[in-house]
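To keep things clear, I will list the structure first and then write my remarks on it.
The values are calculated or read from the model by the stated rules, or taken from the named source; none is laboratory data. Computed from a predicted structure; not experimentally measured. Ideal geometry is used to build each Cβ from the backbone, glycine not excepted, and the neighbour counts take in all protein chains shown. Note: areas computed on protein heavy atoms with side chains; ligands, DNA, RNA excluded. Shrake-Rupley method; radii C 1.70, N 1.55, O 1.52, S 1.80 Å.
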Amino acid sequence: MARRRLSAFAFTVAAAFGLACAWPAQAEKLIVSVSNARVTVTPNYSGGELVLFGSVERDSPAPVAQMPYDLVVTVIGPRTNMVTRRKERKFGIWINSDSREFLMVPSYLAVFSNRPIEAIAAPDVRRRQQLGIRHTLLTQRIGTDYADVVADDQFRTAFVRLREERKLYEQDPAAVKFLTPTLFRTGIPLPAEVPIGSYEVHIKLLGNGELLTQTETSFEIAKVGFEQFVATAAKQHGIIYGLVTALMALATGWMASIVFRRD
């Protein structure tokens, strides 16, 4: 009887140990915040910057030889459909020869880290966690198919390059600064033509090339004043907005014809 109890106890301990190995306790937790949860854009807005700051908290005291952390921050603006066209010179003029539609892709995309992403994680981890613009999914319509092609695809490369020229796509491998081994900050630049809407901020903490934990936060870009009134009217009362716009165009043309009329 004693031997059976000992065997049952040993089985229970082994099972508990197996479950503990299968479900390891998460040692780290991210606490983050942005300096301003709502940014207002006026007609003379020329750009700005938000600050993301946070800390890494551990469930238990850190060991003497703690692994160095790596942090990747991905900021994603409102998603929309966009088209990239390829031009060719024929008969002395430039014409659109082909195009590719990008479906529900970020209108703004920024990736910040404390060192080059290639040095943070292996290629398979970067692809799986979508670390960096190169590994961010940009779905395209290719005929009747929908897919994200290889990063070196001509249309994808041109699309990213055009967004980068407008400061709407950006990747900075030294933007995240660790103030202490567990405290960090980074700036989020907002260009003059920053899209209006809600922004997602994904923060991923890595150690020894593997994901340790992640968290999210968000902020909003909003118009104020007359621009906000026009944008709201166009969105909520499209037909009335269109009629008013057409009448204003007619009135402007009529006034111009009177002012510049020659007797």
Practice problem: Could you check, for the range 228-243, whether at least one of its residues is at pLDDT 60 or above and more than 30 Å from Arg38 (Cα to Cα)? | Solution: yes
Quiz prompt | Residue among Met67, Met82 that alone is under 29 Å from Val125 (Cβ atoms), in a loop (DSSP other than H, G, I, E, B) and at pLDDT below 95 | solution = Met67
Quiz prompt | Residue match in the range 1-22 (condition: within 24 Å of the chain's Cα centre (by Cα) and either aliphatic (A, V, I, L, M) or modelled with pLDDT under 70 (or both)) | solution = no
Practice problem: Could you figure out which of (1) free of Cβ contacts under 8 Å to residues at least 60 places away in the same chain; (2) in contact with a strand residue (DSSP E or B) (Cβ under 6 Å, 6 or more places away or on another chain) isn't true of Ala119? | Solution: (2)
Self-check item: Unique match (being assigned by the TED database to the domain that holds Glu165, closer than 14 Å to Lys204 by Cα, at pLDDT 85 or above and open to solvent by less than 50 Å² (accessible area, probe 1.4 Å)) among Val56, Val34
Solution: Val56
Quiz prompt | Options Arg134, Arg166: the member that is at pLDDT 90 or above and closer than 20 Å to Ile117 by Cα | solution = Arg134
